[in-house]
Amino acid sequence: MPYSPLLVKPMREELTSAGVKELLSPLDVDAFMSERSGTAMLVVNSVCGCAAGMARPGVRLALRHAHRPDRVASVFAGQDLEATARARGYFPDIPPSSPSIAFMKDGELVYFMPRHRIEGRDAEAVARELMAVFEEHCAAPEAAASPAPPVNVAGSTAH
Amino acid sequence: MGTFHRNKSALHGITVVVDTTGPEVFVGRCDDEDERGIVLDDADVHRDGDGGRSKQQYVERAARFGVWKKHDRLFIPRERVASVRRLGEV
């Protein structure tokens, strides 16, 4: 049974305030996944401690990096059940895992961070791994664009 | 850092690989362990050679993507346990 919407609201906002688009319905998921060009990251959010202490703050930290995906979205496992099921349906060979993070390039899954690679770590470690993926797959920011603020993964809590 | 609950072992909430002295290897979320054995939630089990995969090959794939649970809850007696590792460290 889903938790109270009031309880999970801050868990949603922790990502949406960092520019993550929430996918609340299967149609939202289909729209997000149907755009295949470029890079996209999909976060499976959850109410568990791994999401609170590591995944969400790790994603927030990583998204401050100069290289970042073109599109970032989330579904909320245990809350938005149909949207989450639809999202998982795009990766039929990968066991359900929450929290987890999928990264696609031109519509192909190129990286996946399941729950067991989040639990037992800290937000900085999660962020570092994501930023390495961003650097490998995401286009460098335009030279003329404003430089992103420096990322201090050692000391930031990013809330 | 695990998920700390009172009266639970340090691995509580952590996904672990439990290799046995026999052909099976288990992957699941540790609920607790003590001198009697280890309790896993949402666990999968693989027998060496099943599907043409060795224990090691199974664990390597599990480390990349996770596992499909076959059991909601499992108890593995201590005498069968050869090693316990965090899946995230494989």
Contact order relative to length for chain A, counting C-alpha pairs under 8 Å separated by 6 or more residues, stands in percent at 32 percent
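Cβ under 15 Å from residue A:136's Cβ, residue A:136 left aside: what net charge do those residues give with Lys, Arg +1 and Asp, Glu -1? Can you show the working numbers first?
Details: positive: A:68, A:105, A:128; negative: A:70, A:106, A:108, A:129, A:135.
So the environment of residue A:136 carries a net charge of -2.
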Highest GNM mean-square fluctuation among A:26, A:95, A:114, for chain A with Cα springs under 10 Å, belongs to A:95
May I ask for the angle, rounded to the nearest 10°, between helix B:55-65 and the longest principal axis of chain B, with both axes built from Cα atoms and the value confined to 0 to 90°? 70 degrees
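Order these by the 10 Å Cβ neighbour count, fewest first: A:135, A:124. Please list the in-between numbers first.
Numbers: A:135 13, A:124 21.
Ranking A:135, A:124 by Cβ neighbours within 10 Å, fewest first, gives A:135, A:124.
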Kindly put A:134, B:75, A:76 in sequence by how many other C-beta atoms sit within 10 Å of each C-beta, fewest to most. B:75, A:134, A:76
Taking the beta-carbon count within 10 Å as an exposure proxy, list A:60, A:128 from fewest neighbours to most. A:128, A:60
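Let me check I've understood the local charge: for residue A:27, count other residues with C-beta under 14 angstrom from its C-beta, Lys and Arg +1, Asp and Glu -1. What total comes out?
Details: positive: A:21, A:86; negative: A:22, A:28, A:30, A:35, A:80, A:82.
Local charge sum for residue A:27: -4.
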Lys and Arg at +1, Asp and Glu at -1: add these up for the other residues within a Cβ distance under 10 Å of residue A:70 and post the number. +2
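Quick note: the coordinates plus some simple rules give every number you see, no bench work behind them. Small disclaimer: the values here were computed from a predicted structure and weren't measured. Positions of Cβ are generated from backbone atoms using ideal geometry, with glycine treated the same way; all protein chains shown enter the neighbour counts.
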